[in-house]
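Let me begin by presenting the structure, written as structure tokens, before commenting on it.
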């Protein structure tokens with residue numbers, strides 16, 4: 001990456017990747033799948049949202065920029081027209097500019113194609129000192145894109161960050177691991193995925209929202225990003241999707257009855273004891 | 001000759017349970033024609049032998065100390081050498097801190113894909129076919145691989161490990177490869193535990209937006225107090241409202257728990273929440289809405305206003321002693 005040989009003293013240049021997904025708070029009853037098309041159907045009246053881990057990635061970028069006394073935060077999102085809202089959200093938080101990767105050929109692609117396309121877009125932007133992403137996207141929940149972009153660009157990857165500190169050309173990252181926390185150090189350029197443990201992202205203020213309306217969002221097609229037709233579409237997935245369905249919840253629920261609430265509570269306690277749960 | 005490579009791992013020097021679970025999964029695939037099972041462990045030859053006793057046909061001890069830090073950079077050359085040596089076309093890892101990083105890095109290095117957090121694995125037409133949850137558990141996806149090498153991480157506690165059989169034999173070899181880590185591990189620390197950690201609690205009492213007010217959590221804490229080893233959790237909605245600390249949030253963007261008993265009080269069961277507790281052994285739902293998703297997922301449910309049930313339940317559980 002170009003930034004690998006950037007001159008010391010330059011302001012930090014950060015790219016944040018964000019994704020728009022169906023709202024994970026959607027009631028299960030409103031969640032529907034078109035099994036033939038192997039697609040999730042948009043829930044009626046429930047707008048898509050920014051992936052819940054991504055505002056933390058944007059927050060991390062903004063804090064690092066502020067700590068550095070300036071710099072640039074560019075937000076990229078790959079998705080449909082509506083994904084512009086995910087970019088706008090980051091811009092309203094304080095990011096500087098956005099790029100929407102939007103192409104009919106992106107329909108039905110998998111996380112591996114996504115990583116390859118994002119890597120090309122990042123290269124076209126001239127690389128960055130630091131690329132931040134959410135720890136995973138809450139729709140497919142694969143968490144493979146940071147590793148993919150890192151492997152393709154030859155940049156080290158640190159995942160599931162709860163705190164990030166920049167010291168000159170080095171990053172110190174506190175990670176969440178199986179039994180606790182791990183502290184690591186990595187030289188820039190690097191990719192870091194951010195977890196919810198990072199802390200609350202800032203809430204866009206009205207003034208910022210108005211400013212964001214004036215910020216530039218470029219729209220790049222696959223061709224603009226240098227992505228060939230052989231990398232597009234569900235037919236070129238690395239991980240073909242053979243079936244997508246809503247699992248039948250075998251509801252074996254036993255409704256505890258009783259004449260009064262007290263009796264219901266009594267009967268539940270007896271059931272719990274019988275099942276050795278108490 | 002196809003085969004399966006299991007990336008075993010240790011925890012505080014001992015073989016981690018996920019290693020045996022992976023061997024259990026690998027034996028099932030082997031019986032469906034996926035070839036022999038080789039296990040790789042960053043550890044000792046004695047540990048490699050133990051993996052053979054638990055189902056591997058051959059085991060490789062990756063002896064280079066650089067692997068102990070668990071970085072992807074250090075591991076990749078050892079795993080690639082093990083794939084070469086074993087001829088494996090299926091690589092199984094645990095969905096652990098190690099597997100979450102190593103699985104995708106290995107896949108992209110080999111220009112193939114990885115299926116993450118798989119819950120079912122089978123051989124169909126000579127190739128791996130996996131099932132995994134997505135959309136917070138609302139949907140399931142069945143996946144296959146386009147490239148020859150098929151990498152999958154497996155959800156912990158999904159497959160059963162096999163009992164050790166000391167009469168099993170197989171070749172134990174050593175690989176000393178390791179890569180230069182670009183990420184330097186400075187240190188590790190255990191999660192601080194004040195009281196019973198949510199993730200370790202045998203009983204979790206959780207409340208949601210349906211509680212109606214912050215004060216209701218006092219009642220939930222009293223209920224939790226009647227059980228041994230119980231902790232109180234909350235849905236994201238309740239935490240967002242400021243009713244309970246975010247550290248106690250259960251769900252996709254919170255903690256993942258799998259207690260013996262999960263008591264969900266006034267929680268509807270959106271995928272955000274289910275993603276964090278669907279592994280619970282038994283769920284009790286207390287909810288006014290009989291159609292709530294949480295009620296369907298429960299073993300026992302009471303359809304009633306929780307305010308009328310919880311105080312009575314506290315007394316009843318106390319009586320059981």
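Every number here is computed from the coordinates shown, using simple stated rules; none is lab data. Just so you know, these numbers come straight off a predicted model, no measurement behind them. Cβ atoms come from the backbone with ideal geometry, glycine included; neighbour counts cover every protein chain shown.
Some notes on this structure:
- The Rg/Rh ratio for segment B:24-128 is 0.94, where Rg is the radius of gyration of the alpha carbons and Rh is the Kirkwood radius.
- Relative contact order (%) - criterion: Cα under 8 Å, at least six apart; region: segment A:38-189: 19
- Working from Cα pairs under 8 Å separated by at least six residues, relative contact order for segment A:150-262 is 18 percent.
- Using alpha-carbon coordinates, inclination of helix A:84-93 to the longest axis of chain A, degrees: 70
- Percentage relative contact order, chain B, counting C-alpha pairs under 8 Å, at least six apart: 15
- Both the radius of gyration and Dmax for the protein assembly as shown are 24.5, 77 Å, in that order, over alpha-carbon atoms.
- Modelled FRET efficiency - R0 51 Å, residue B:124 with residue A:72, Cβ distances, 0.05 increments: 0.55
- Building the convex hull from the alpha-carbon atoms of segment A:72-115 and averaging its projection over directions returns 3.2 nm².
- Note: segment A:109-186, Cα convex hull, 97 Å³ per residue.
- Protection proxy ranking of B:308-315, B:279-286, by the mean of other Cβ atoms within 10 Å over each peptide's residues and highest first, is B:279-286, B:308-315.
- Evaluated at q = 0.23 Å⁻¹: base-10 log I(q)/I(0), Debye formula over Cα of segment A:181-268: -1.11
- The equivalent ellipsoid that matches the C-alpha gyration tensor of segment A:227-278 spans semi-axes of 53, 12, 9 angstrom, in descending order.
- Cα→Cβ-extended label distance, 7 Å offset, between residue B:68 and residue A:179, nm: 1.4
- Principal axis extents of the C-alpha atoms in segment B:222-321 (largest first, rounded to whole Å): 37, 29, 26.
- Shape parameters for chain B, alpha-carbon atoms, Rg then Dmax in Å: 22.5, 65
- Three-way shape label, segment B:1-59, alpha-carbon gyration tensor, a/c 1.5: prolate
- Spin-label proximity, residue B:45 to segment B:65-90 - amide N less than 16 Å from point 7 Å beyond Cα toward beta carbon: none
- For chain A, alpha-carbon Rg relative to the globular expectation (2.2 N^0.38 Å, N residues): 1.19
- In nm, spacing of pseudo-spin labels at residue A:202 and residue A:82 (7 Å Cα→C-beta vector): 2.8
- Angle between chain B longest axis and helix B:72-86 axis [Cα atoms, degrees, rounded to 10]: 60
- Diffusion coefficient, µm² s⁻¹, Stokes-Einstein with Kirkwood Rh over alpha-carbon pairs of segment B:65-216 at 4 °C and 1.567 mPa s: 69
- Cα extents of segment A:129-278 along the three principal axes, largest first (Å): 67, 43, 38
- Among beta bridges identified by DSSP and lying wholly in the protein assembly as shown, the antiparallel ones come to about 35 percent.
- Put a dot 7 Å past the Cα of residue B:168, heading toward its Cβ, do the same for residue B:218, and the two dots end up 5.6 nm apart.
- Ellipsoid fit via the Cα gyration tensor, segment A:95-150: semi-axes of 18, 15, 11 Å, each the root of five times an eigenvalue, largest first.
- Separation of segment B:171-244 from segment A:106-176 is 26 Å, based on Cα centroids.
- Seen against the Cα atoms of chain B and their longest principal axis, helix B:17-29 is set at about 70 degrees.
- For segment A:1-114, the pair-distance distribution built from all alpha carbon pairs, in bins 5 Å wide starting at 0, is 2, 11, 18, 19, 18, 14, 9, 5, 4, 2, 1 percent.
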